[in-house]
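Pasting in a structure now, in structure tokens, and then I'll have a few things to ask.
The values are calculated or read from the model by the stated rules, or taken from the named source; none is laboratory data. These numbers come from a predicted model, not from an experiment. Neighbour counts run over all protein chains shown; Cβ positions are idealised from the backbone, glycine included.
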Amino acid sequence: MRRVYMDANATTPVFPEVVEAMRPYWTERFGNPSSIHLDGQQARTALDRARETMAEFFNCREAEVVFNSGGTEGDNTAIFGLLRPGDHFITTAIEHSAVLQAAERVAQRGVEVTLVAPQPSGLIRPDDLRAALRPNTRLISVMLANNETGVLQAVEEMAEIARAAGAFFHIDAVQGAGKVPIDVRRFGCHLLSISAHKVHGPKGVGAMFVRRGTPLESLLVGGSHERRQRAGTENLPGIVGLAKAVQLAMISLEDGTIDRLTELRDRLETGLLRIPGTGLNGCEDGRPVSRVANTTNIWFDQLEGEALVIALDLKGIAVSGGSACHSGATEPSHVLMAMGLDKTRARASLRFSLLKTATEADVDYVLQAVPEVVERLRELSPVAAGTLG
Ligand SMILES: Cc1ncc(COP(=O)(O)O)c(C=O)c1O
């Protein structure tokens, strides 16, 4: 059966060029970058090259790049590494759990935490961040793009608010990287986190921009790797893969891929919204707000998102209800709830997130399958029958 993967925000396949770039670093170039012999030097050279590429991707100095295990570690490091009891931390109600759970942890340890609510569109108003400031605000953390809706936040304006208040600013750019240009100088942030597996790189590796002079305490201590900011022998194959993946991502931001993706997503979205009893999450005055090119999040009245995910999977289509990072959880999405959807509508929402390799034929297949599945499930639906609240 045909399979169409429309869950790119959960993870992406590693591009063949990335696998090829990584391959020697498991076998003939297996050296430890800390060793002084030739094998070590070769590994060190590869690490240095990967750092150059990351610095280009972030638009920062090479010394401001810290390789790590991915988005969760970057988010955790920003929060645990900067906040101490008595500090105030501002973040938003729509962040990934890697931020929200870390916020809960520091709150238990005496940090004051403010969660700023989004507008119904999913946008965070910079003025709401400003209003949350306190004299002891030390860190503000806001995501660049939301994993569920794709909505892009006004991070430059927010960074300026942080700067004026003397607070540090962290951006979770896990879902924005590869979809919009990353430029830490333009953004004006102190910290920024990305993850390789969302940009066709391997899982379990990522990188963080740490602006020079930011007094960030490392999570891991041990050896003097990563300028003492992240101890542990470097995952060199992973790091080389991440660098190759962001190199390809930089090309894709300029070669028309994003425009093509936007067209495909829009055609998919228009087609899905022709199904009666549907609507788009992430709108203002009936129009979608600024968002990444590959994502659309749609509610289907009278349906359970989970049931729809399973029924579509049986048709060969992979999509996600709520956030895939919490698969197994049946709670409605905290993002959609924070945007003001009621539980039933939040549960009835699906995220379609296209890979950069998505085709017209993929969209046609989904547009053919979804209306049939929706109609069939609605006939059976306890929500439609009024037996489920
Ligand atoms: C916005 C966001 N932040 C952080 C993460 C966590 O990244 P990782 O899977 O690399 O730990 C994810 C993963 O889905 C995400 O979407």
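I'm told residue 275 meets every condition in (1) out of contact with any helix residue (DSSP H, G or I) (no Cβ under 9 Å at 6 or more places or on another chain); (2) part of a loop (DSSP other than H, G, I, E, B); (3) of a type outside the set (D, E, K, R) except one. Can you identify the failing condition by its number?
If we test residue 275 against (1) out of contact with any helix residue (DSSP H, G or I) (no Cβ under 9 Å at 6 or more places or on another chain); (2) part of a loop (DSSP other than H, G, I, E, B); (3) of a type outside the set (D, E, K, R), just (1) comes out false.
Kindly indicate the residue of segment 164-197 that is over 14 Å from residue 65 (Cα atoms) and among the basic types (Lys, Arg) and also nearest to the chain's Cα centre (by Cα) among those meeting that condition.
By that ranking, first place goes to 179.
Next up: Residue 112 - would you say it is over 30 Å from residue 18 (Cα atoms), out of contact with any strand residue (DSSP E or B) (no Cβ under 7 Å at 6 or more places or on another chain) and in contact (Cβ under 8 Å) with a residue 24 or more places away in the chain? Before the answer, list the steps.
Values: over 30 Å from residue 18 (Cα atoms): yes; out of contact with any strand residue (DSSP E or B) (no Cβ under 7 Å at 6 or more places or on another chain): no; in contact (Cβ under 8 Å) with a residue 24 or more places away in the chain: yes.
Criteria not met by residue 112.
Across segment 299-320, what is the number of residues that are under 21 Å from the mean Cα position of the chain (by Cα) and without any contact (Cβ under 8 Å) to a residue 40 or more places away in the chain?
0
What is the one condition in (1) surrounded by 13 or more Cβ atoms within 10 Å (Cβ to Cβ); (2) assigned to a helix (DSSP H, G or I) that residue 20 does not satisfy?
If we test residue 20 against (1) surrounded by 13 or more Cβ atoms within 10 Å (Cβ to Cβ); (2) assigned to a helix (DSSP H, G or I), just (1) comes out false.
In segment 66-88, what residues are more than 13 Å from the ligand (Cβ to nearest atom) and buried (at least 24 other Cβ atoms within 10 Å of the Cβ)? Step through it out loud before you land on a result.
Residues of segment 66-88 that are more than 13 Å from the ligand (Cβ to nearest atom), as a first pass: 66, 80-88.
Listed by number, the residues that qualify are 66, 83.
Quick one: is residue 149 farther than 27 Å from residue 56 by Cα, modelled with pLDDT of 95 or more and within 16 Å of the ligand (Cβ to nearest atom)?
yes
When the residues of segment 192-217 are narrowed to those that are among the polar types (S, T, N, Q) and within 11 Å of the ligand (Cβ to nearest atom), which ends up nearest to residue 245 (Cα to Cα)? Write out each step before concluding.
Of all residues in segment 192-217, those among the polar types (S, T, N, Q) come to 193, 195, 214.
Then drop every residue that is not within 11 Å of the ligand (Cβ to nearest atom), which leaves 193, 195.
On the way: 193: 15, 195: 10 Å.
Of everything passing the filter in segment 192-217, 195 is nearest to residue 245 (Cα to Cα).
State yes or no: is residue 10 more than 16 Å from the ligand (Cβ to nearest atom), among the aliphatic types (A, V, I, L, M) and either crowded, with 22+ Cβ neighbours inside 10 Å or within 26 Å of the chain's Cα centre (by Cα) (or both)? Explain how you work it out, then say what you get.
Details: more than 16 Å from the ligand (Cβ to nearest atom): no; among the aliphatic types (A, V, I, L, M): yes; either crowded, with 22+ Cβ neighbours inside 10 Å or within 26 Å of the chain's Cα centre (by Cα) (or both): yes.
For residue 10, the condition - more than 16 Å from the ligand (Cβ to nearest atom), among the aliphatic types (A, V, I, L, M) and either crowded, with 22+ Cβ neighbours inside 10 Å or within 26 Å of the chain's Cα centre (by Cα) (or both) - is not met.
In addition: Among the residues of segment 367-381 satisfying the criterion of being at pLDDT below 95 and of a type outside the set (D, E, K, R), which is surrounded by the fewest Cβ atoms within 10 Å (Cβ to Cβ)?
Across segment 367-381, the extreme among qualifying residues is 380.
Take the residues of segment 108-137 that are touching a Gly at 6+ places or on another chain (Cβ under 9 Å) and buried (at least 18 other Cβ atoms within 10 Å of the Cβ): which is nearest to residue 161 (Cα to Cα)?
Among residues in segment 108-137 that are touching a Gly at 6+ places or on another chain (Cβ under 9 Å) and buried (at least 18 other Cβ atoms within 10 Å of the Cβ), the one nearest to residue 161 (Cα to Cα) is 137.
May I pose another question? Please find, within segment 139-174, the residue that is surrounded by the most Cβ atoms within 10 Å (Cβ to Cβ) out of those that are touching a Gly at 6+ places or on another chain (Cβ under 8 Å) and part of a strand (DSSP E or B).
Filtering first and then ranking leaves 172.
Now, a different point. What pairs come out if I take residues in segment 170-194 that are farther than 20 Å from residue 102 by Cβ and without any contact (Cβ under 8 Å) to a residue 12 or more places away in the chain and pair them with residues that are in a helix (DSSP H, G or I) and of a type in the set (Gly, Ala, Ser) whose C-beta lies under 6 Å away, six or more apart or interchain?
Hits for this filter: zero, empty list.
Here are some residues: 296, 233, 262. Which one is outside any helix (DSSP H, G or I), within 19 Å of the chain's Cα centre (by Cα) and not aliphatic (A, V, I, L, M)?
Values: 233 fails: within 19 Å of the chain's Cα centre (by Cα); 262 fails: outside any helix (DSSP H, G or I).
Of the residues listed, the single one that is outside any helix (DSSP H, G or I), within 19 Å of the chain's Cα centre (by Cα) and not aliphatic (A, V, I, L, M) is 296.
Across segment 23-41, what is the total count of residues that are part of a loop (DSSP other than H, G, I, E, B) and either surrounded by fewer than 14 Cβ atoms within 10 Å (Cβ to Cβ) or among the polar types (S, T, N, Q) (or both)? Write out each step before concluding.
As a first pass, look at segment 23-41 and keep what is part of a loop (DSSP other than H, G, I, E, B): 26-37.
With the extra rule that they be either surrounded by fewer than 14 Cβ atoms within 10 Å (Cβ to Cβ) or among the polar types (S, T, N, Q) (or both), the set shrinks to 26-28, 30, 32, 34-37.
Summing the residues that are part of a loop (DSSP other than H, G, I, E, B) and either surrounded by fewer than 14 Cβ atoms within 10 Å (Cβ to Cβ) or among the polar types (S, T, N, Q) (or both) in segment 23-41 gives 9.
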